[in-house]
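This report concerns only the one structure given below.
The values are calculated or read from the model by the stated rules, or taken from the named source; none is laboratory data. Note that this is a predicted model, so its numbers are computed, not measured. So basically every Cβ, Gly included, is an ideal-geometry build from the backbone, and we count neighbours across all protein chains shown. Calculation scope for accessible area: heavy atoms of the full protein, side chains included, ligands and nucleic acids excluded. Shrake-Rupley method; radii C 1.70, N 1.55, O 1.52, S 1.80 Å.
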Amino acid sequence: MFPPASTAPAFNIFNAETIMGVLAAAAATNHPIYLQTSASTVRTFSPPALAGIVNALLPLNLRPLVRLHLDHCSDPDLIRACLDAGWHSVMIDASADPLPLNIRRTSEIVALAKPYKALVEGEIGVVGGEEDGFESYGAPDAIPQLHDVLSFIDNSGADLIAVGAGTRHGHYSDHPCSLHHHILEAVHLARPSTPLVLHGGTGIPLPDVARAVRSGGIRKLNISTALKDAWLSSQQAHLASSNPHRVIDGVQNSIAAVRDSALTVIHFLSSLQ
Ligand code: 13P
């Protein structure tokens, strides 16, 4: 089932409320999702503890729909620890390295992940903004060349390929998103069976997401900031409420807010099929 033929959202979770909110959205829609963890989140809990929390909160009937995925990570030791703890899918982000080194480091993780039957995501190019200490503000000329992307696909062995195509992590507050469809579409034309990944999913105009899914081979859409916004807003509303010491009300509201935010994404992606 993974990677699914349709596009699965990958939601960054960072506590029990976000895990429960995202799982509630998956349960309500029967849609495959990646439950995605940043390296910082993993280090905060420890891999076995975080896997234990996820497993405790993940009902048996949802297990085929959910993959636990490690987001941007450049540390092979942490990747190994996650694989040992039961992650189904890991990202090695060596995109800041020159292409030959990126290919070598990615293929080493592919070899590492093989006995675990885990998927590996690699990245080529630049995703703007900042996610967990990774990446810088992308410049338009940072869009990778087609032949480099194809070489990365062919030689790294990665199962999922993130291509820097003009998106950025976080809000597009100072300039609008400009997604360079031509590179995604050229890659998809040349390697139609390779699932591509779009990072920086929050705030990409919906027509761009639709085109990237339909014509650009995007099969995994990463969403983090939208869930953080939903969680933060619900926390702020609770703090401003008449009885903030009823903390469990705040917890329940946060789960519902994250669920609704995740549902919006899932419903949009489902509408494209
Ligand atoms: P956003 O924070 O822009 O949604 O991006 C998430 C992401 O790409 C995680 O890797």
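Within the range 181-204, being touching a residue at least 40 places away in the same chain (Cβ under 8 Å) and in contact with a strand residue (DSSP E or B) (Cβ under 9 Å, 6 or more places away or on another chain) holds for ILE183, VAL187, ARG191, THR194, PRO195, VAL197, HIS199, GLY200, GLY201.
Check the range 257-270 and report whether any residue there is outside any loop (DSSP other than H, G, I, E, B), hydroxyl-bearing (Ser, Thr, Tyr) and away from the ligand (no atom under 15 Å from the Cβ). The answer is yes; a qualifying residue exists. When restricted to residues that are more than 15 Å from the ligand (Cβ to nearest atom) and open to solvent by 10 Å² or more (accessible area, probe 1.4 Å), the range 174-188 contains 6. Checked against (1) open to solvent by less than 20 Å² (accessible area, probe 1.4 Å); (2) among the hydroxyl-bearing types (Ser, Thr, Tyr); (3) modelled with pLDDT under 95, SER6 meets all criteria but (1). Only residues that are within 9 Å of the ligand (Cβ to nearest atom) and either on the phi < 0 side of the Ramachandran plot or open to solvent by 10 Å² or more (accessible area, probe 1.4 Å) (or both) were counted across the range 189-234, and they come to 15.
Filtered by the rule that a residue be within 12 Å of GLY203 (Cβ to Cβ) and either open to solvent by 10 Å² or more (accessible area, probe 1.4 Å) or among the basic types (Lys, Arg) (or both), the range 149-173 gives ARG168, HIS169, GLY170, HIS171, TYR172, SER173.
Scanning the range 188-237 for residues that are among the β-branched types (Val, Ile, Thr) and out of contact with any helix residue (DSSP H, G or I) (no Cβ under 9 Å at 6 or more places or on another chain), which turns out farthest from LEU119 (Cα to Cα)?
Looking at the filtered set, the residue picked out is THR225.
Where strands (runs of 3 or more DSSP E) fall entirely within the range 1-119, those with at least 1 residues that are away from the ligand (no atom under 16 Å from the Cβ) are at 66-70.
Taking the numbered list (1) of a type in the set (Gly, Ala, Ser); (2) open to solvent by less than 70 Å² (accessible area, probe 1.4 Å); (3) out of contact with any Phe, Trp or Tyr (no Cβ under 6 Å at 6 or more places or on another chain) in turn, ALA240 passes all entries but (2).
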